[in-house]
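Let me begin by presenting the structure, written as structure tokens, before commenting on it.
The values are calculated or read from the model by the stated rules, or taken from the named source; none is laboratory data. Worth saying up front: this structure is predicted, and the values here are computed from it rather than measured. Cβ: placed from backbone, ideal geometry, glycine included. Neighbour counts: every protein chain shown.
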Ligand code: SF4
């Protein structure tokens, strides 16, 4: 009884499922609702320059962005009139229990799981469950929901990158990007939230503010849809990055769950080494992620001083560079053969000097890591400019000469606003731009 109630889509907030499934280790870690940097929108004085926010902006913005007392409320996806259980919101053990609670054998659960995620079927409805027991199919038709998303549009960029727009049940729209690469690697970049609360100053998604967290099912389904829609055309999708809309670790419960489902060997079977979750630096959630997940971690660093990072990534006012890097240094000491990926968006005149490169080398000393230097992708209203290719190469050379493992990541899909930091659609009322420190006035 308790189990079947637990999985009713509307009846249960996601945190309940996680409380039941959590490991002993997890239960000692902070929960999402306790540990998010702020449970009100990000433009509060805590993280914003008071001088940069007018009262009218705050009040009008607050009126359109839900201000929730807890993240459970944000996560509770009250967008469906259906009381059916959403299959893709369950890990395999949960699905098996649910199947058993309806009087069917565990073997039926495994066959269903393989049709949802494996064998090139990626079933989207009961009619695609060929080979399953007829009574079982009938039961699924009555009690189960297969789809968490519906396809709105696919845009194809000149370099072959696809941007897929999905409608959610509540009318909101999310974006997923599929990036084909040479050498047989194709990456799907999934969203974890509608909008984002972090207000990174260089990011278009950040201009939206946070509308809500995505459920685990809505996250998993992006990868399933990408395989279903595009595998035939562009080949196998091998990698997943949680670098679409949103700060994944602000939605840590659902993101860890979705990543677990993606790496299940009987299902989508992505290698944990090829599933990367990115964060802007939510330190407690990052610590939890490193305990609970065996997937890869990327940290969006983008600055070498607190002065610059406080400005361009206001989360730094809560968890500064010292805390962020100190935590990584401590946690990675006990993780065998594990490297964090530092992402560094190159902003002309802001974070791209040779002094920055030298500071970066000393900041990341003793942290097992790789570094991605990312070309900034401008968007309408952006105040930053991309660093020239020549300067990026100089910066790269300083790092490489010091022994760092460093890659250049060129822009992909920017003609369709599918590139890094370009996703989403801000409304008329947006979070505030923060005050530019005096010595960077010339750079923006
Ligand atoms: S860069 Fe990432 S964390 Fe920062 S505002 Fe954009 S989506 Fe959010």
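Quick notes on this structure:
- Among residues of region 165-198, those that are closer than 22 Å to residue 426 by Cβ and either within 16 Å of the ligand (Cβ to nearest atom) or crowded, with 24+ Cβ neighbours inside 10 Å (or both), counted: 16
- When 205, 156 are checked against the criterion of being in contact with a strand residue (DSSP E or B) (Cβ under 8 Å, 6 or more places away or on another chain) and within 13 Å of the ligand (Cβ to nearest atom), a single residue qualifies: 205.
- Failed condition for residue 307, given (1) more than 14 Å from the ligand (Cβ to nearest atom); (2) over 20 Å from residue 175 (Cα atoms); (3) assigned to a loop (DSSP other than H, G, I, E, B): (3)
- One residue alone among 422, 441, 365, 430 is touching a helix residue (DSSP H, G or I) at 6+ places or on another chain (Cβ under 7 Å) and either over 30 Å from residue 190 (Cβ atoms) or surrounded by 18 or more Cβ atoms within 10 Å (Cβ to Cβ) (or both), and that residue is 422.
- Scanning region 313-327 for residues that are under 18 Å from residue 250 (Cβ atoms) and not in a loop (DSSP other than H, G, I, E, B), we see that the one that is nearest to the chain's Cα centre (by Cα) is 315.
Let's see how each residue does on (1) assigned to a strand (DSSP E or B); (2) in contact with a helix residue (DSSP H, G or I) (Cβ under 7 Å, 6 or more places away or on another chain); (3) within 30 Å of residue 122 (Cβ to Cβ):
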{"residue": "281", "(1), (2), (3)": "no, yes, no"}
{"residue": "290", "(1), (2), (3)": "no, yes, no"}
{"residue": "329", "(1), (2), (3)": "no, no, no"}
{"residue": "338", "(1), (2), (3)": "no, yes, no"}
{"residue": "341", "(1), (2), (3)": "yes, no, yes"}
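- Count of residues meeting criterion [more than 16 Å from the ligand (Cβ to nearest atom) and over 25 Å from residue 95 (Cα atoms)] in region 285-304: 4
- Any hit, region 260-268, residues being assigned by TED's automatic domain parsing to the domain that holds residue 160, away from the ligand (no atom under 16 Å from the Cβ) and free of Cβ contacts under 8 Å to residues at least 40 places away in the same chain: yes
- Verdict on residue 229 being more than 16 Å from the ligand (Cβ to nearest atom), outside any helix (DSSP H, G or I) and surrounded by fewer than 24 Cβ atoms within 10 Å (Cβ to Cβ): no
- Scope region 269-282; condition away from the ligand (no atom under 14 Å from the Cβ) and either within 18 Å of residue 197 (Cβ to Cβ) or in contact (Cβ under 8 Å) with a residue 40 or more places away in the chain (or both); matching residues: 269, 270
- Filter result for residue 356 (surrounded by 18 or more Cβ atoms within 10 Å (Cβ to Cβ), modelled with pLDDT of 95 or more and part of a loop (DSSP other than H, G, I, E, B)): no
- Residue within region 314-334 that is crowded, with 22+ Cβ neighbours inside 10 Å and on the phi > 0 side of the Ramachandran plot present: no
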